[in-house]
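The block underneath contains the structure these notes are about, expressed in structure tokens.
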Amino acid sequence: MTNPCLFLIILTLACTTTIADADELNSAFLQKHCNRCHGTQKQEADRRFDNLPSSIGSIDDLERYQEIVDQLNLAEMPPEDDPQPSGDERAKMIEDLTQKIAAAHAEFSNTGGHSVLRRLNSWEYRQTIGDLLGINVNVWNPAEDFPAEVKVDGFDNNGAGLVTSGMLMDHYFVAAEEAIRRATQFGERPETRKYTQQSPFYFKGNESKGLPKLYQVDRFRFIPETPYTDMYGRHYRGGHIGFPPLARQGGLEQGGNYTIRVRAAAVGRVHDYGKALGDFRNGDPLVMEIASVDRKGSVTSTGNVSKMTSLARVELTNEDPRWFEWEVYMDAGYEPEVRFRNGPLAAKRLIRLLSDRKEFRKFKTIPGLGRFHGVLKAYQGPRLRVWEIQLEGPHIENWPTAGHRALYGDLKLEDLNPKTIAGRISAFAKSAFRRSPVEGELEPIQSLVSAKLEAGVAPLNALQLGLQAVLCSPGFIYLDQGEGDLNDHALASRLSYFLWSSQPDRALLELASAGQLKSQLGPQVERLLADPKSDRFVSHFIRRWLDLDNIGTMPPSQDFLEYYRDNLGTAMRGETEAFFRNVLDENLPLREFLAADYSFLNRELAEHYGISGVEGNELQRVSLQSGTRGGLLGQGAFLTASANGVDTSPVVRGIYVLEKVLGSPPPPPPPDVPTIEPDIRGATTLREQLVKHREIATCAACHRKIDPMGFALENFDAIGAWRDEYEKKLPIDAAGKLPTGDAFSNVPEFRKLMLDRSEQFNRCLTEKLLTYALGRELEIGDRPATDRILAELKETKGGLRDLIRLVISSDSFARN
């Protein structure tokens, strides 16, 4: 009969021996393949592995072991010049360390992975004010003057970086006061009015020179007359037509939805003036832009416009007049303006270039016209002719508006008294806080309002002061999600701020109040993604993930005329957003971001990419056949954001690809290592400079990862156009070899190698989405949740929509 105690002793000894043997083998593996670069003498990338204990006893140990497993899985370590483990040795090491890491995860709790209080960032504040008070924040941005947010790894919603300064609090008070003023509508319902301006449009004369006070130029205002400033601050070409019916009264009295109609035609699109018209392409459609402008405090040098919002654009090819109509939102104090968006130069420069041509000479001395308008009279180039402009509105469905009712309910001015005022403050706070106020939370605000009433402040002013205080209180400004498992209200806020960048709506809050949200997460995710407000998630996540603000801080040089002429910046962002939206809506696999052989282009962006046959200014799906473009890597926004607006750097682009696509950014360079800048002026190429740079021991490990990624994309210039050589006729060499030893000679071959790393991209995108959703950096304790998401996504062959659902149902999302 077997002695059970003896059996247990033998089994324990066997297991102990097995573990000890495994630890000894693992230690020998590290000594042979890792410690030379990450040991006592040298710690490349600031990593040291020779002092790793055999058992994981701390978060630091766990992180270092995880790094080793990740590098072995990617086959990027050991470096190719060092002795390589066999396939079996590598697999055994990965298996042993993975088991060790899993056991450690089971023992450790997530010590730092929560942000009890996270302030709304400027983007979220803006959308929340808009939804709460029914204000169009595309026209009025309440956060416009807020200090810039601190970005952590590109994300501006990281709780650790969202500090609240005294300056920001001052801005909160001002923004809250203005938001309440805009939403308050105690007056009578505004009447719908119609304004009309018909041709002829007149110029004002120069009476001091004896010219008529007003004189007509042709039957229609058609020529670029006054330059204006574009979205990048450039003094731009093009003309505009004001709207006298509203200019005389200082703009609209009431903000709201309006109908704008313009009867216009495009004349002279084909011309024989050659390059005298600058970069206007012969035969192009004329782009008519409808803008909303504020002229208060403006000066002539800015086209007599202090603020401008673009409302709509349309391409005109019709020579006979046609009506065009738009439904738009316009703010009080603004008026409509018609603009010739791609007009061929500012008028004065145009006159200077054309006036010496034979057909214009006779017009220089016509009495009463003068040289300037005489040449305009004879000009037969591209003209935007406008017959009539109409404006009708405001169109108001409900009065008072939803924002007014959110503030005041059904109260009338005569109903205001201490009791009703206290009730409205409590009711509004419940909406603003996205939950019921806790006991005592509103006492300071109610006491402030009571004191104001006792001091004789008018009831409406006292109530508005209380409402302003609600919008400046922590309950509104912060997302308080507690610690541990999220309650239903905290979950509702996390969900809505992830997918809408704003407060939860009534449906979410009702489910939260009933304690049913957790059981209804799936249907609610689908509902939120189907709502137009999810476009905020698409645009803002892409903006933060890909650092598209780089384009604004380092805008392309004005030497790239086509970038501004063709409005490529807007088209490029639109391309990436439309592509992401398509992958999301169709629930396509994540490899589509790397493998897609199509994109969403308009005519101008297609021409920029060297693709012909695309018509119209609207983005449309276009097949890409060359293999040089496709997926994120060939999109203009991606390529422009990874440049500096003037030229490209393989180092900068390489780091960008590693960080945004593969999720493995290199550590910062040592402080004593000089920066490599592009130098294409002499015989020494940047590639040769970087080869020498890699001879520096502290640089070699990182640059063997960085440089190939950057050189692979050198055929794309600073705004993503294809090129075969640099400016000085030096040929571009896009060949390279990845740390795995895989070589490529051109962009199509590089794209194929990137496809082989699609699992690494999947992890990168998953981690970016989790970081954005949680509002904090991921830590080692989030790794099991990330691994489970990726495992299920792979098993079910899921797409982007499935990934978002898995992120929301993960343990990391459900806890704080």
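At-a-glance table
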item	result
Accessible area, probe 1.4 Å, largest first, for residues VAL267, VAL525	VAL267, VAL525
Backbone HN-Hα couplings from phi across the stretch 492-509 [Karplus 6.51/-1.76/1.60, Hz, Gly and Pro as x]	4, 5, 4, 5, 6, 6, 6, 9, 10, 6, 7, 5, x, 8, 4, 4, 5, 5
Extended-chain gain in nm, criterion 0.36 nm per residue less alpha-carbon gap, GLU325 and SER623	104.1 nm
Extension gain (nm, one decimal) between GLN558 and SER165, 0.36 nm per residue minus Cα-Cα	137.8 nm
Packing rank of 777-783, 322-328, 444-450, where each peptide gets the mean count of other beta carbons within 10 Å, highest leading	777-783, 444-450, 322-328
The stretch 405-552, relative contact order [Cα under 8 Å, separation at least 6], %	18
Potential lengthening between GLU454 and SER310 on full extension [0.36 nm per residue; Cα-Cα distance subtracted]	47.1 nm
Surface accessible to a 1.4 Å probe, LEU246 within the full protein complex, Å²	0
Dimensions (Å) - the stretch 367-526, Cα atoms, principal axes, largest first	82, 52, 28
Pairwise label distance in nanometres, LEU413 with GLU727, each label 7 Å out on the Cα-Cβ vector	6.5
Debye intensity ratio in log₁₀ form over the Cα atoms of the stretch 520-679, taken at each q of 0.08, 0.11, 0.13, 0.18 Å⁻¹	-0.27, -0.51, -0.69, -1.22
Links that overshoot a 26 Å alpha carbon limit, given the list LYS151/LYS797; LYS660/LYS794; LYS430/LYS518; LYS151/LYS752; LYS307/LYS660; LYS307/LYS452	LYS151/LYS797; LYS151/LYS752; LYS307/LYS660; LYS307/LYS452
Label point at ALA402 placed 7 Å out along Cα→Cβ; residues across the stretch 133-157 whose backbone nitrogen lies under 15 Å	133-138
GluC sites (Glu not before Pro) within the stretch 145-188, DSSP loop, no more than 12 other Cβ atoms inside 10 Å	GLU188
Distance between modelled label sites at GLU439 and LYS797, nm, 7 Å Cα→Cβ extension	5.7
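The values are calculated or read from the model by the stated rules, or taken from the named source; none is laboratory data. Keep in mind the model is a prediction, meaning the values are calculated, not measured. With ideal geometry, Cβ positions are generated from the backbone for all residues, glycine too; neighbour counts draw on all protein chains shown. Calculation scope for accessible area: heavy atoms of the full protein, side chains included, ligands and nucleic acids excluded. Shrake-Rupley method; radii C 1.70, N 1.55, O 1.52, S 1.80 Å.
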